[in-house]
Amino acid sequence: MTDPTLTLYSFWRSTAAYRVRVAARLKHLAIDERFIDLDAGEQHDDAFQRMNPMAAVPALIVESGDNARQTLTESLAIIEYLDTLVPESPLVPEDPIARAKARAIAQTTAADIHPLIVPRIGTYLKDNAGMDDDAWLAWRRHWIETGLAGIERQLAHDEARQTYFGGETITIADICVTAIVVIARVIGIRIDGLPIIEAAVTRCESLTAFADSAPMRQPGAPEG
Ligand SMILES: N[C@@H](CCC(=O)N[C@@H](CS)C(=O)NCC(=O)O)C(=O)O
């Protein structure tokens, strides 16, 4: 079976797209990236919403040799699909306990922290709750810091954490936590005082797959 052709719809500053970009690079899978300008509202265009009716990136188009074409959405589901394409060095650990813990950390970032800081929430709060730009930044800082502090406490209580986070083998937990920290930095929020998370992020960012996926290195990112 020939490898499918992969086209990723993404945005330079997107946390969720960063997760998929890193995973594809860790798996040495070639992806053609198309950028959807979230600041310009392109996620609401009809053509894009036919791919993802939730009006959000990422969306991954998978084309296989028999001309079958599928659209995948939700970054964690996409990462698990990429993991099945290249099963070596699984991003979702095989050991059941490590797998459950890696998924738990990944979901805490993807399902608990991230949904509170996406553009559509900011637009709603500004339009309906009188929030200004400073308050929106403070809101995002609060939920990112609170969420990551909780993850740090959870990790600190687990001596076996390196089977699923911050160890030699990169997992979805490493990818998702690094994604939040990296994007927080882009919007002016630095994470300090969380040594387990900071060490893992430093290690991840030293790897080519993460470095090449950095938001500021993507098309559409501001220069300088
Ligand atoms: N749970 C989704 C989140 C997708 C999502 O919300 N992506 C953001 C960018 S990180 C987006 O496209 N937001 C558009 C908006 O808020 O209008 C996933 O993990 O893929």
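A few notes on this one:
- Test: residue in the range 90-100 that is away from the ligand (no atom under 15 Å from the Cβ), under 22 Å from residue 184 (Cα atoms) and either charged (D, E, K, R) or over 15 Å from the mean Cα position of the chain (by Cα) (or both): no
- Filtered residues of the range 201-224 (kept if part of a loop (DSSP other than H, G, I, E, B) and within 27 Å of residue 136 (Cα to Cα)): 213, 214, 218, 219, 220, 221, 222, 223, 224
- Residue ranges of helices (runs of 4 or more DSSP H) in the range 1-86 with at least 1 members under 18 Å from the mean Cα position of the chain (by Cα), at negative phi and surrounded by 18 or more Cβ atoms within 10 Å (Cβ to Cβ): 15-26, 75-85
- Condition check for residue 158: farther than 20 Å from residue 13 by Cα, of a type in the set (Asp, Glu) and open to solvent by 10 Å² or more (accessible area, probe 1.4 Å): yes
- From the list 179, 129, 173, the lone residue that is of a type in the set (Gly, Ala, Ser), in the same structural domain as residue 202 (by TED's automatic domain parsing) and farther than 18 Å from residue 207 by Cα is 129.
- Output for the range 161-199, where each listed residue is in contact with a Leu (Cβ under 8 Å, 6 or more places away or on another chain) and loosely packed, with under 15 Cβ neighbours inside 10 Å: 187, 188
- Filter result (of a type in the set (S, T, N, Q) and open to solvent by 50 Å² or more (accessible area, probe 1.4 Å)) within the range 108-149: 123, 128, 146
- Members of the range 62-81 found to be touching a helix residue (DSSP H, G or I) at 6+ places or on another chain (Cβ under 7 Å) and under 15 Å from residue 33 (Cα atoms), listed by number: 71, 72, 75, 78
- Count - residues of the range 61-79 that are away from the ligand (no atom under 11 Å from the Cβ) and either touching a residue at least 60 places away in the same chain (Cβ under 8 Å) or among the hydrophobic types (A, V, I, L, M, F, W, C) (or both): 5
The values are calculated or read from the model by the stated rules, or taken from the named source; none is laboratory data. This structure is a prediction, so every number in the text was calculated from the model and none was measured. Counting neighbours? That spans all protein chains shown, and the Cβs are built from the backbone with ideal geometry, glycine included. Heads up: the accessible areas ignore ligands, DNA and RNA and are worked out on the full protein's heavy atoms, side chains in. Shrake-Rupley method; radii C 1.70, N 1.55, O 1.52, S 1.80 Å.
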